[in-house]
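Written below as structure tokens is the structure these notes are about.
The values are calculated or read from the model by the stated rules, or taken from the named source; none is laboratory data. Every value quoted in this text rests on a predicted model; they were computed, and no experiment measured them. Surface areas here come from the heavy atoms of the whole protein model, side chains and all, with no ligands, DNA or RNA. Shrake-Rupley method; radii C 1.70, N 1.55, O 1.52, S 1.80 Å.
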Amino acid sequence: MKIVLLGPPGAGKGTQAKLISKGFSIPHISTGDIFRKNISEETPLGVEAKKFIDKGLLVPDEVTIDITKDRLSRDDCKSGFLLDGFPRTVFQAECLDDFLKNREEDIDSVLLIGVPPEFILERMTGRRVCLNCGSSYHIGFNPPKVAGICDVCGSEIIQRDDDKETTVKERIDVYEKSTQPLIDYYDKVDKLFTLDGTKSIEEVFEDVSKHLAQFQVKK
Ligand code: ADP
Ligand code: AMP
């Protein structure tokens, strides 16, 4: 099962990705999580990526494509993967297609989580994340059991630097300009499946699960 998650920042991609990864036993690959881990460990990749992420801009394609290909080349991706936050540009999508074609593979489905702009700011300013395992919470809609602590791994949860209001606005602009064209790109090849991301987390996952059932390998 090879799946791509698409949608504006704050649509719920990371939240659904965790549920899908657990429910369908496929690795969750989030380029944003990879960058944040590198930033917290102050690696050269992290130092470079931070310059762009803090401004709400995309990390350059040449950096992002290489780390994604490396991750997809690991053994755990052989029978499937779930990409969250990649591709974000048409060029990244073309590189992904070429990479998979060389392995005689293809994407099964692209899930677009649709959320109107008026939902986004509240979702993102209330978001708290775990830098250790990538779990995402919301102070109002999806709080952790113990305030400030990740339910999954017990680490501290924090507010992302790029979830401040001004950066969020820039990220929405970048999404509309650079990432939205991917909706057409995947629709043309009949891979797009659109979900109503304004529903509750549980309801969205129910819709996702019904759709993904058709791609499950029968054992
Ligand atoms: P993305 O990965 O698309 O940027 P997240 O999954 O991190 O988005 O979700 C953004 C914020 O919205 C998080 O705080 C999350 O808990 C919350 N959230 C996600 N899905 C829903 C939903 N269906 N209803 C309400 N809040 C949600
Ligand atoms: P996310 O966690 O998906 O919201 O990503 C956080 C930030 O990481 C984005 O705002 C970008 O700056 C950067 N990023 C993540 N994925 C990509 C990508 N595929 N291409 C470029 N930049 C990315």
Original post:
Rounded, prolate or oblate: which fits the range 103-186, taking a ≥ b ≥ c as square roots of the Cα gyration tensor eigenvalues, rounded meaning a/c under 1.5, else prolate when a/b beats b/c?
Top reply: oblate
Original post:
Per residue, what accessible area does the range 61-118 have, given a 1.4 Å probe and all protein chains present, in Å²?
Top reply: 49
Subject >> Antiparallel bridges, percent of DSSP beta bridges restricted to the range 1-146 (to nearest 5) >> reply: 25
Subject >> P(r) of the range 45-160 over all Cα-Cα pairs, binned every 5 Å from zero, in whole percent >> reply: 2, 9, 15, 17, 18, 19, 14, 6, 1, 0
Original post:
Can you pull the percent of the chain's accessible area that's carbon plus sulfur, 1.4 Å probe, other chains left in place?
Top reply: 52
Original post:
So what are the three principal axis dimensions of the chain from its Cα atoms, in whole Å, longest to shortest?
Top reply: 44, 37, 33
Original post:
Under the definition of Cα pairs under 8 Å and six or more residues apart, what whole-number percent is the relative contact order of the chain?
Top reply: 30
Original post:
Averaged per residue, what accessible area in Å² does the range 159-219 show with a 1.4 Å probe, protein chains only?
Top reply: 66
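I'd like the Kirkwood hydrodynamic radius of the range 34-109, using the inverse of the mean 1/r over distinct C-alpha pairs, in Å. Kindly include the intermediate steps, with their values, before the conclusion.
Details: mean 1/r = 0.0746 Å⁻¹.
Taking the inverse mean of 1/r over all distinct Cα pairs, the range 34-109 comes out at 13.4 Å.
Kindly provide the helix-only [θ] at 222 nm of the chain, computed as the sum of -39,500 (n - 2.57) over DSSP H runs of four or more divided by all residues, to the nearest 500 deg cm²/dmol? The partial results should precede the final answer.
Details: 9 runs with 96 residues, N = 219.
Mean residue ellipticity, 222 nm, calculated: -13000 deg cm²/dmol.
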